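Nothing in this text is a laboratory measurement; each read-out follows from the coordinates by a stated rule. Worth saying up front: this structure is predicted, and the values here are computed from it rather than measured. Using ideal geometry, Cβ is built from the backbone for each residue, glycine included, and neighbour counts are taken over all protein chains shown.
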Amino acid sequence: MRTVKALGIGILVWIFGVSAFSALYMLPISEDRYLQANIGLALVVPFLVWLGAWLYYKKVKSAHHGLTIGLLMLLASATLDALITVPLLIIPYGGSYTSFFGSTDFWLIALEFVAVATIYWYAKARPKQINSLNQL
């Protein structure tokens, strides 16, 4: 059941991430709006994933390693990208699955996704090691 929770949180992160990307794309800040939105997404994703990890570990601190949670949330997000983002937002504007999933931007954000969840686990959710000398 915890796997379903991680996937659900990944879906929420995807919803907020796509919303942020779309909103940032609409802002008339720079000439290259795609780059502008990707930079904005790269700045928003750590907060979204940190919040997602917090939600996941809220009641059970050491349920799964952060790497596992990060990969599960990324799996949910990438699946929704394949089912919704690419067909509705990328292909109509001349892109393709290959251009989306083969881009450096995608993989850097994916790495960021997994890294933030892992860092959260080490910082907040990892089981504390009991030093045997302290028990004497």
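So what's the angle, to the nearest 10 degrees on a 0 to 90 scale, between helix 66-80 and the longest Cα principal axis of the chain?
So the helix axis and the longest Cα principal axis differ by about 20 degrees.
State, to one decimal in nm, how far the label point of residue 119 lies from the label point of residue 51, with both points 7 Å from Cα in the Cβ direction.
Rounded to a tenth, the inter-label distance reads 1.7 nm.
What list of ³J(HN,Hα) couplings, whole Hz, do you get for segment 10-15 from phi and the Karplus terms 6.51, -1.76, 1.60, once you set θ to phi - 60° and write x for glycine and proline?
Listing the rounded values in order: x, 5, 4, 4, 4, 4 Hz.
Quote the FRET efficiency, to the nearest 0.05, computed for residue 43 versus residue 93 with a Förster distance R0 of 25 Å and r equal to the Cβ-Cβ distance. Intermediate values should be presented prior to the final figure.
Values: r = 23 Å, r/R0 = 0.91.
For residue 43 and residue 93, the calculated efficiency is 0.65.
Would you mind computing the Rg to Rh ratio of segment 19-97 from its alpha-carbon coordinates, Kirkwood style for Rh? Show your work: numbers first, answer last.
Working: Rg = 15.3 Å, Rh = 14.4 Å.
Here Rg/Rh amounts to 1.06.
Going by average Cβ density within 10 Å per residue, which order do the peptides 110-117, 76-83 take, highest to lowest? Spell out each step's value before the answer.
On the way: 110-117: 20.0, 76-83: 17.5.
Going by the mean number of other Cβ atoms within 10 Å, highest first, we get 110-117, 76-83.
How high is the relative contact order of segment 2-126, given as a whole-number percent (alpha carbon pairs under 8 Å, six or more residues apart)? Before the final figure, lay out each step's value.
Working: 130 pairs, mean separation 44.5, N = 125.
For segment 2-126, the relative contact order is 36 percent.
Return the calculated 222 nm mean residue ellipticity for the chain, to the nearest 500 deg cm²/dmol, obtained by summing -39500 (n - 2.57) across DSSP H runs with n ≥ 4 and dividing by the residue count. Please report the intermediate quantities before stating the final value.
Working: 5 runs with 87 residues, N = 136.
About -21500 deg cm²/dmol.
Calculate one ³J(HN,Hα) per residue across segment 102-119 by plugging θ = phi - 60° into the Karplus curve 6.51 cos²θ - 1.76 cosθ + 1.60, and present them in order as whole Hz with x for glycine and proline.
x, 7, 4, 4, 4, 6, 5, 5, 5, 4, 4, 3, 5, 5, 5, 5, 5, 4
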